[in-house]
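This report concerns only the one structure given below.
The values are calculated or read from the model by the stated rules, or taken from the named source; none is laboratory data. Note that the structure is predicted; figures quoted are calculated from it, not measured. A quick note on method: Cβ atoms are made from the backbone with ideal geometry, for glycine too, and the neighbour counts reach across all protein chains shown.
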Amino acid sequence: MDTFSEDEVVRRCRAGDEEAFRELVDHYKDLVFAFLAQTGLASDRAEDLAQEVFLRVHRGLPYFRGEARLSTWIYRIVANVFAQEVSKPRLPVHSLDSGETPVDSRPDLGRPDRRFSDLELRERLEKAIRQLPVQYRLLIAGHYLKGVSYEDLADMFNLPLGTVKTQLYRAKRQLRHLLETSLG
């Protein structure tokens, strides 16, 4: 399939065509993972949640009504999976006796060409984003980090357009405050 047609892929998936579902996953996997990763989750956790998203997409395709674009529907699933993830109580996943550094506190060694100040700024930004309320995190990640339009965010969260703009303004203001207070 040279061009991706949401309607055609959905139709083929509903008919039981597993290759069509692979095409759907291939088309959206980078966006889903990037969206989750940019909310402040560790990359391995973002990968796990991306898999959960696609499991829910697979199970939900028979019920997809097509009232919104497929991408909007998938983003709603991402938002729901992420909201459920951050509402879970967390226990430490490393042993204090092992002497290992927790995964979240290890420096990003995958990009040796990054300057230290860039890494420090990125870590501060990710830490500040993790402190935002769930809705704000999703809006910031969607609009500013992934370029999702106001209209698509409104559809995704079933909110009026004005509410999305107001919440994004408040999220940005709160993020700015968190970043300013972490400097001092």
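What the table below lists for this structure:
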{"quantity": "For residue 40: the one exception among (1) in a helix (DSSP H, G or I); (2) surrounded by 15 or more Cβ atoms within 10 Å (Cβ to Cβ)", "calculated": "(1)"}
{"quantity": "Residues satisfying the stated conditions in the range 48-71, i.e. touching a residue at least 60 places away in the same chain (Cβ under 8 Å) and either in a helix (DSSP H, G or I) or aliphatic (A, V, I, L, M) (or both)", "calculated": "68, 70, 71"}
{"quantity": "Selection from the range 145-182 of residues that are in contact (Cβ under 8 Å) with a residue 24 or more places away in the chain and under 14 Å from the mean Cα position of the chain (by Cα)", "calculated": "145, 146, 148, 156, 157"}
{"quantity": "Selection count, the range 6-26, where residues are within 16 Å of residue 69 (Cα to Cα), under 25 Å from the mean Cα position of the chain (by Cα) and not hydrophobic (A, V, I, L, M, F, W, C)", "calculated": "2"}
{"quantity": "Where residue 62 falls short, out of the listed (1) modelled with pLDDT of 85 or more; (2) under 19 Å from residue 145 (Cβ atoms); (3) not polar (S, T, N, Q)", "calculated": "(2)"}
{"quantity": "Residue check, residue 55 at pLDDT 90 or above, more than 17 Å from residue 156 (Cα to Cα), of a type in the set (A, V, I, L, M, F, W, C) and in contact with a helix residue (DSSP H, G or I) (Cβ under 8 Å, 6 or more places away or on another chain)", "calculated": "no"}
